[in-house]
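Since the structure comes first, as structure tokens, the remarks are kept for the end.
Nothing in this text is a laboratory measurement; each read-out follows from the coordinates by a stated rule. Note that the structure is a prediction, hence the values are computed from the model and not measured. Note that we place each Cβ from the backbone using ideal geometry, even for glycine, and neighbour counts take in every protein chain shown.
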Number of protein chains: 2
Amino acid sequence: MASSSTQPFRVSLDAMGGDFGPSETVLGAVNAVAAGGIEVLLVGDRAEIQAEIDKHSAQDLPLTIVESENVIRDGESPLQALRAKPKASAIVGVALVKEGRADAFVSMGSTGAAMAASAFGLGMMPGIERPGLGGPMYGLAPKTTIIELGSSIDCNPTKLINFAALGVAFARTYLGVENPRVALLSVGSEDTKGNKQTKEAFPVFQESSLNFVGNVEGHDLAVNTADVIVCDGFVGNIILKAFEGIGETMSVYLKQRLSGLLSEADASAVSKDVYDLLNRTEHTGGGPLFGIKGNVIVGHGRARASGIAGAIATAKRLEELSLNAKMQDELAAIRASVAV
Amino acid sequence: MASSSTQPFRVSLDAMGGDFGPSETVLGAVNAVAAGGIEVLLVGDRAEIQAEIDKHSAQDLPLTIVESENVIRDGESPLQALRAKPKASAIVGVALVKEGRADAFVSMGSTGAAMAASAFGLGMMPGIERPGLGGPMYGLAPKTTIIELGSSIDCNPTKLINFAALGVAFARTYLGVENPRVALLSVGSEDTKGNKQTKEAFPVFQESSLNFVGNVEGHDLAVNTADVIVCDGFVGNIILKAFEGIGETMSVYLKQRLSGLLSEADASAVSKDVYDLLNRTEHTGGGPLFGIKGNVIVGHGRARASGIAGAIATAKRLEELSLNAKMQDELAAIRASVAV
């Protein structure tokens, strides 16, 4: 984790991951290092990566290839793949952080591989069983953090309050929200409304040191009624993908709806803005794996070079903010306040 | 249920319900009967309703006031309210259907009151423990039925497959989908992906006579990958309200985004279209209560006169299609195909 101001911030990047690795990942790295202060270790197939570096005449940039074998893809069982492919790019990439050769690991997927490799390689914060995903999801509610988004499918009050603590640290440190209001995502504001899981979690949240404002509902995901909205990964993942689906279909609709009213360029620009507002992770380049002892950023599989450069910049910013240490502090404080 | 072609279709309307009763409910009834073939029994406070009728000079229209006392509001416990307010508008309105004085009951809420009053007054179809809500939710996927949307919070395979059967009857009869493809809403297409509930339901759905196409994900809610998407009421309600929240915020955003590019009237029209696509139930006037032995339509609390007239028209259309009988047939057939 040593990243003093005199030496560059070192990122190990899974160059083979995502939907467009290594072409977009390498280009993303080229863009990221161009601004200075960053060095990228490109993990993957040496020949393929070198060809991409040559394509961009980037031989003189601070890019280093670290050889790996195989990639773990979406759909594979991450745990089985870790055993079957011990030299896969995700594993090698995480090992570079563990060995102190890199300050952060960045991956565009598979998310499962990045999670499993990080959990085994770097370990989890005390109380966390499985890393989580979270962050703002909707461009019109950019300071509303939703956690968890697809890793922890079935949750209990302990898991939910741990994610809340990590979300609070993220909202405070990264989004600058002073005293984040925490809410449970449910189907009514009263404490009696909800499913078994939220009804069990409600009193635990209330008893805790969290700034708990109670339950919020689906429409609150689109505004800023609460700063950290907590749900299990089943609900969170469905919502995340529903937002993306609305973004895709609505942008197509708007392009047609606006044709004749606006120039094609203007109609396309409006349509793209709407797409982006609802597909935030694709262009912001993703966010941290919550609960890992280390700086790991996972981005969207569909991310292009700009999103990948964004993810690398996010990793650097999180290091500067000491987000990981602050998450551990917040987690310890909130866990100490309740009997979990 | 006698609604021959010679006599008008008779609707009992909770004139006091919704956010804007009785002013918008009465106006909605006035609009609905104007086209002919429909008679509305306006249930509620006689003086208030009469004042609204007079306001529209609608004395000669087929509108009859049926006196009730009290209204059951959102936030009240429906079961307690049924006892405490035995002459409430929802109870009197349902009783008119039970007594054969009306062919359908229409309410803009509270939904809980309409459900409880209908369940007690008209009874549930065999196998149904609690009425459900469902239907298309998004204007860009107008033939994708989502069920359940907020009544049955914690579900099991039996409840889910019963809702699937009702959804299939609805999609086939009302939306004209010949052989509706049924899917479970989950976090991955593989049968191993999902929470405890969907994993338990998957083999039951697979074994059944449903045209089951497996799991779908959040983005499929925005398209037509499946015709009937089944989830529990917790997930469904959060999604429904999230869509509404996106509609509200996106329409405000678009009005600003388009100002300067379009005339104010054009910008407002585009903005309103986007709002409507994501707040479908508000202007279509709602849908049937699934699983009730009888024709009961529940609309959105925010519905205005046009939405209320729409709900009355929907009730008439469902009667003409014999939806209720077809739902009972479908339910029996699918329940016979599995061990539930």
Shortest first and in nm, the label-point separations between residue A:86 and its counterparts in the other identical copies (7 Å out along Cα→Cβ) come to 7.8
Expressed as a whole-number percentage, the relative contact order of the range A:184-296 with C-alpha contacts under 8 angstrom and at least six residues apart is 19 percent
Residue span residue B:99 to residue B:268: 0.36 nm per residue of separation minus Cα-Cα distance leaves a gain in nm of 56.2 nm
Expressed as a whole number, the average count of other chain Cβ atoms within 10 Å around the Cβ atoms of B:230-243 is 6
With a ≥ b ≥ c from the Cα gyration tensor eigenvalues, square-rooted, and the rule rounded for a/c under 1.5, otherwise prolate when a/b > b/c and oblate otherwise, chain A is oblate
Sparse-neighbourhood loop hits (GluC sites (Glu not before Pro), the range A:126-216; DSSP loop; Cβ within 10 Å at most 13 others) -> A:129, A:178, A:190
Rounded to the nearest Å, the spacing of the alpha-carbon centers of the range A:102-131 and the range A:15-54 is 20 Å
Summing -39500 (n - 2.57) over every DSSP H run of at least 4 in chain B, dividing by its residue total and rounding to the nearest 500, the 222 nm mean residue ellipticity is -14500 deg cm²/dmol
Sorted shortest first, the nm distances from the residue A:209 label point (7 Å along Cα→Cβ) to its counterparts in the other copies are 6.1
Of all GluC sites (Glu not before Pro) in the range A:56-93, the ones in DSSP coil with at most 14 other Cβ atoms within 10 Å are A:69
In this structure, the FRET efficiency calculated for residue B:6 and residue B:57 from their beta-carbon separation, with R0 = 30 Å, to the nearest 0.05, is 0.60
Distance in nm between residue B:158 and residue A:200 label points, each 7 Å along Cα→Cβ, equals 2.2 nm
Among beta bridges assigned by DSSP with both residues in chain A, the antiparallel ones amount in percent, to the nearest 5, to 25 percent
Ranked from fewest to most other Cβ atoms within 10 Å of their own Cβ, B:314, A:144 fall in the order B:314, A:144
Fewest-first ordering of A:223, B:204 by Cβ atoms within 10 Å yields A:223, B:204
For residue A:130, inter-copy label-point distances (7 Å, Cα→Cβ), nm, shortest first, read 2.6
For B:6, A:198, ascending order of other Cβ atoms within 10 Å (fewest first) is B:6, A:198
Two pseudo-spin positions, 7 Å from Cα along C-beta at residue A:83 and at residue A:259, lie apart in nanometres by 5.4 nm
Using alpha carbon centers only, the range B:277-314 is separated from the range B:220-275 by a whole-angstrom value of 18 Å
